[in-house]
1. Rounded, prolate or oblate, given the Cα gyration tensor of region 179-344, with a/c below 1.5 counting as rounded?
2. In debye to the nearest 20, how big a dipole does region 289-354 give about its Cα centre with +1 on each Lys and Arg Cβ and -1 on each Asp and Glu Cβ?
3. Please list 284-295, 306-317 highest first by mean number of surrounding beta-carbon atoms within 10 Å per residue.
4. Rounded to the nearest percent, how much of the accessible area of the chain (1.4 Å probe, protein heavy atoms only) is carbon and sulfur?
5. Could you work out the relative contact order of the chain? I mean the mean sequence separation of Cα pairs under 8 Å and 6+ apart, divided by the number of residues, in percent.
6. Which percentage, to the nearest 5, of the DSSP beta bridges contained in the chain is antiparallel?
7. If ligands, DNA and RNA are left out, what is the accessible area of PHE73 with a 1.4 Å probe, given in Å² to the nearest 10?
8. Work out which helices of the chain, taken as complete DSSP H runs, extend at least 24 Å along their axis over the Cα atoms and score a mean Kyte-Doolittle of 0.5 or more, then list them.
Amino acid sequence: MSDTTELPVLDVEAWTCPLPVRDRPRVVMGHGGGGVLSAELVQQIFAPAFGGEVLAQMGDAAVLSLGGARLAFSTDSYVVRPLFFPGGSIGDLAVNGTVNDLAMSGARAAYLSCGFILEEGVELDVVTRVSKALGAAARTAGVEVATGDTKVVEAGHGDGIFINTAGIGIVPAGVDLRPQRVVPGDVVIVSGAIGVHGVAIMSVREGLEFGVEIKSDCAALGGLVDTMLAVTPDLHVLRDPTRGGLAASLNEIAAASGTGVVVRERDIPVPPAVANACAILGLDPMYIANEGKLVAFVPRAHADAVLEAMRAHPLGADSVIIGEAVEEHPGMVVARTGLGGTRVVDLPIGEQLPRIC
């Protein structure tokens, strides 16, 4: 190399650290990942500022009493990139994500609000496509978009389209789904293959090919939850393992219930394409986001009947028992490996795949 050769200038400010330092004075991408950093943001900043007994539930949806009815109320924001991906779009996510948060409390979503934040310059044809997808998803889920709002930000201050939805639904009498009800002996059921959504997003965003198209599992789970509750209202807790994946959901439940959780790695359903992608990229499928799966903690006496009912539903055909709640190692999730050993499944610190929902 000659003395006059110019070296490229590295823009280190644009670099992203996959495991951000937790004592940073500024927000990092990991704060949106559904793991430890997200929890610290909520517990150290938002919860003290807002207060309130209802907020303290910290569930996928708040359950509250109003006018003699038990309502579930939830909100979520969607910043997925790209806007369209195999198996769905930001419009589908904006409906199904909020509907599923309500379903995890046992409620069937009734109404949604919808807020669009549009970037100046985004094509109106794109806005139309997203809106039509959102409307179709709402009709499929049996929920009505009842109110909404639109804001526009200057070019360069957004990323095309962001969406916020909030939803309400009625919680049936006798249904009490929360992690504090989990007890040792409860059976852990997952409703199907994990990691599909996150890998589908990554494959399109990064232009990666794995020999077969991987489609997102994005779907509304209200009907599946209704099927489960028809067997028994005495389910203990449900979670949809989105950001942070199955690992984050299991850790949150273990911590809130004060029980340990043991899962068998060989029983966790991971599609070959997802397993191959994770092996190539050094990712763990248990931490990859899902958008059409749930994990349930069910009393052992009802587990077989609930599993049978789930398998009879289109969105639960591949449901399987993957583990149980135990008295040992309270608040900790442990996986039994195929080689007979064990490993601790920690709550993720940051985010393996940002902006997947």
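1. Details: a/c = 2.02, a/b = 1.33, b/c = 1.51.
Oblate, because a/c is 1.5 or more while a/b does not exceed b/c.
2. Working: 5 positive and 9 negative charges, 24 e Å.
Rounded to the nearest 20 debye, it is 120 debye.
3. On the way: 284-295: 25.9, 306-317: 17.7.
The packing order, highest mean first, is 284-295, 306-317.
4. Working: 9600 of 17250 Å².
Looking at the chain in its full context, I get 56 percent from C and S.
5. Details: 790 pairs, mean separation 84.1, N = 357.
So the answer I get is 24 percent.
6. On the way: 43 of 56 bridges.
Here the share of antiparallel DSSP bridges comes out near 75 percent.
7. 110
8. Working: long enough: 124-141 (25 Å, 0.57).
Counting only whole DSSP H runs, the qualifying helices are 124-141.
The values are calculated or read from the model by the stated rules, or taken from the named source; none is laboratory data. Bear in mind that the values here come from a model prediction, so they are computed numbers and not experimental data. Reconstructed Cβ throughout: ideal geometry from the backbone, glycine too, with neighbour counts over all protein chains shown. Keep in mind that these areas ignore ligands, DNA and RNA; they rest on the heavy atoms of the full protein, side chains included. Shrake-Rupley method; radii C 1.70, N 1.55, O 1.52, S 1.80 Å.
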